[in-house]
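Worksheet: the structure to be examined is printed underneath.
The values are calculated or read from the model by the stated rules, or taken from the named source; none is laboratory data. Keep in mind that what you see is a predicted model, and the values were worked out from it rather than measured. Note that we place each Cβ from the backbone using ideal geometry, even for glycine, and neighbour counts take in every protein chain shown. In case anyone asks, the SASA skips ligands and DNA or RNA and just uses the protein heavy atoms, side chains included. Shrake-Rupley method; radii C 1.70, N 1.55, O 1.52, S 1.80 Å.
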Amino acid sequence: FLNQTMTLCRPESLETLRQYQKILRMRNICLKNGTKELTAVYNEQLAWAGIALMEERTGIVREMDKVFSDMFNRISGFSSPVTLKYHPSWKAAGSPEDVLNILHKKSALDEEYGVTTTGPHRDSFFLIQDHRDFTKTASTGQLRLTILVLRIAQARLLSLAARRKPVLLFDDVLLELDVEKKKRILNFLPEYSQAFFTFLPDEYKSFMSLEDVLSYRVSGGKFEGAAS
């Protein structure tokens, strides 16, 4: 999700990601084959590419959090905010030289397992509420809402970056939300060129107040009628 958001909003970062993955793949081959000389060469390349990728991710998570946190807290009605935090594997590394030191310390472990055990490929991001991992305490419904808001935040960022209105597809994702949360979700959607929703029978009526709406009933795999 993080890579997808980053490369959609910043297409130039796709090359950074590909470069890192290519170097990582070659380094892992060297570790499996036991070619230490080549591993040392790839260490330096991995350090430069990894630092660049971490910088890209730090920036996109900061942008995402600005959009997500406000939107989620206003939709959920929580008293304590939920924020997005990036946790890089090379947390203490601020330069390629720092990364080389980390790789040197982990060299024995890497050689034992035949893979690179640290780096951006092992990064993660967390949703934090009251200094705790929100996903560990949230209910199933709250997690579903979180995923939905993350996708909407992604769509808003992409819309701003590309200066184009997206096409939105919602397949039963609003089913478990109460009426008020559904209305709040709709208010936070980015401007779109088209939006498609699927609902249970008659559930769509709460959305018929929207302008330019066409509704269809699907029965036996066929569309029946259209109401505007």
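Per-structure values
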{"read-out": "Odd one out for Ile75, checked against (1) within 21 Å of the chain's Cα centre (by Cα); (2) surrounded by 18 or more Cβ atoms within 10 Å (Cβ to Cβ); (3) closer than 23 Å to Arg57 by Cβ", "value": "(3)"}
{"read-out": "Subset of the stretch 171-183 [open to solvent by 70 Å² or more (accessible area, probe 1.4 Å) and within 14 Å of Ser76 (Cβ to Cβ)]", "value": "Glu176, Asp178, Glu180, Lys183"}
{"read-out": "Hey, Arg163 more than 21 Å from Ser79 (Cβ to Cβ) and in contact (Cβ under 8 Å) with a residue 60 or more places away in the chain or not", "value": "no"}
{"read-out": "Qualifying position, being open to solvent by less than 70 Å² (accessible area, probe 1.4 Å), at pLDDT 95 or above, farther than 30 Å from Glu44 by Cβ and under 19 Å from the mean Cα position of the chain (by Cα), among Leu127, Leu168, Leu158", "value": "Leu127"}
{"read-out": "Residues of the stretch 89-118 satisfying the condition of being free of Cβ contacts under 8 Å to residues at least 12 places away in the same chain, of a type in the set (A, V, I, L, M, F, W, C) and closer than 30 Å to Asp70 by Cα", "value": "Ala92"}
{"read-out": "Residues located in the stretch 119-152, provided they are outside any helix (DSSP H, G or I) and free of Cβ contacts under 8 Å to residues at least 12 places away in the same chain", "value": "His131, Arg132, Asp133, Ala138, Ser139"}
{"read-out": "Lone unmet requirement of (1) at pLDDT 95 or above; (2) open to solvent by 40 Å² or more (accessible area, probe 1.4 Å) for Ala92", "value": "(1)"}
{"read-out": "Residue count for the stretch 133-148, restricted to those that are out of contact with any Ser or Thr (no Cβ under 8 Å at 6 or more places or on another chain), within 24 Å of Thr58 (Cα to Cα) and modelled with pLDDT under 95", "value": "3"}
{"read-out": "Residue within the stretch 41-52 that is open to solvent by 40 Å² or more (accessible area, probe 1.4 Å), in contact with a strand residue (DSSP E or B) (Cβ under 9 Å, 6 or more places away or on another chain) and either touching a residue at least 40 places away in the same chain (Cβ under 8 Å) or of a type in the set (Val, Ile, Thr) (or both) present", "value": "no"}
{"read-out": "Check on Asp70, open to solvent by less than 50 Å² (accessible area, probe 1.4 Å) and among the acidic types (Asp, Glu)", "value": "no"}
{"read-out": "Within the stretch 187-196, tally of residues that are small (Gly, Ala, Ser), assigned to a strand (DSSP E or B) and loosely packed, with under 13 Cβ neighbours inside 10 Å", "value": "0"}
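Here is a yes/no grid of residues against (1) touching a strand residue (DSSP E or B) at 6+ places or on another chain (Cβ under 8 Å); (2) surrounded by fewer than 16 Cβ atoms within 10 Å (Cβ to Cβ); (3) hydroxyl-bearing (Ser, Thr, Tyr):
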site: Arg122; (1), (2), (3): no, yes, no
site: Leu148; (1), (2), (3): no, no, no
site: Ile185; (1), (2), (3): no, no, no
site: Thr198; (1), (2), (3): yes, yes, yes
